[in-house]
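Nothing in this text is a laboratory measurement; each read-out follows from the coordinates by a stated rule. Predicted model, so just to flag it, every value in this text is computed and none were measured. Please note: Cβ atoms are built from the backbone with ideal geometry, for glycine as well, and neighbour counts cover all protein chains shown.
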Amino acid sequence: MTEAEAASTTRSRAPRTPAPRTLLAGVAAVAIGAGLWLVAERLLWPTTVPAGLHLPRLHPTGSFGKAYLARSASYARFLDVDALLSRLALLAVLCVYAKRGHGLMRESAAGPIGTGMLLGMLGFAIVWIAELPFGLAAVWWERHHHVSHQGYASWIFQSFTSLGGKFLFVSLALLIAAGGGSRRLPRSAGSRCWRPFSAST
């Protein structure tokens with residue numbers, strides 16, 4: 001190989017820097033957004049409260065009975081505890097999946113893109129199953145207090161379709177990230193990039 005060919009090969013392998021026009025367009029977009037934010041803040045800041053405004057002091061027991069307030073507090077308390085238990089269960093499931101996901105990645109023969117899609121699909125399914133009992137408990141509690149009349153099957157179907165939409169969006173993001181990363185990184189480095197997906201899902 002001649003020196004000219006070696007120099008050409010080195011230049012072709014060198015990382016490409018973003019074009020000046022693209023960089024300037026990004027800086028201009030950020031500057032315009034910051035300017036609009038400052039203008040909106042300036043317009044909304046000078047607000048005043050009327051000097052003669054006197055708000056009456058209201059007590060909950062003056063408008064609602066004690067039994068109604070007790071039922072309302074019990075209703076809200078159950079939903080708060082249910083949401084807290086749901087988050088704790090989600091964290092526990094994600095910790096277990098983060099440890100097991102790395103082993104699944106090593107055993108997978110689907111390649112980087114297929115493995116990422118598989119781990120993302122399994123992660124969404126596990127999260128949905130972990131939160132399902134708590135969601136059904138919230139629906140039962142709302143039906144018990146006549147706040148909602150939604151059926152259990154309807155709620156499960158709605159939750160499942162919402163999960164499908166999220167999975168399609170994340171799958172597209174994983175596909176784009178995998179396609180870009182596989183062109184820039186060596187195979188050994190690219191395989192290591194998939195490890196965080198097992199914990200992020």
**Message:** Taking R0 as 45 Å, what FRET efficiency do you get between LEU163 and ILE32 from their Cβ-Cβ distance, rounded to the nearest 0.05?
**Reply:** 0.75
**Prompt:** Can you give the Kirkwood hydrodynamic radius of segment 23-105 from its Cα pairs, in Å with one decimal?
**Reply:** 19.9 Å
**Order of TRP128, TRP45 under a 10 Å beta carbon neighbour criterion, fewest first** = TRP45, TRP128
**Item:** Per-pair calculated FRET efficiency, R0 = 45 Å: LEU122 and ARG21 via Cβ, rounded to 0.05
**Value:** 0.60
**Message:** Are there any trypsin sites (Lys or Arg not before Pro) in segment 46-126 that are in a DSSP loop and have at most 15 other Cβ atoms within 10 Å? List them by number.
**Reply:** ARG57
**Prompt:** Which ³J(HN,Hα) values in Hz, rounded to whole numbers, follow from the phi angles of segment 32-38 under the Karplus curve 6.51 cos²θ - 1.76 cosθ + 1.60, where θ = phi - 60° and Gly and Pro get x?
**Reply:** 5, x, 5, x, 5, 5, 5
**Message:** Quick check: pseudo-label points 7 Å beyond the Cα along Cα→Cβ at THR61 and ALA40, how many nm apart are they?
**Reply:** 4.4 nm
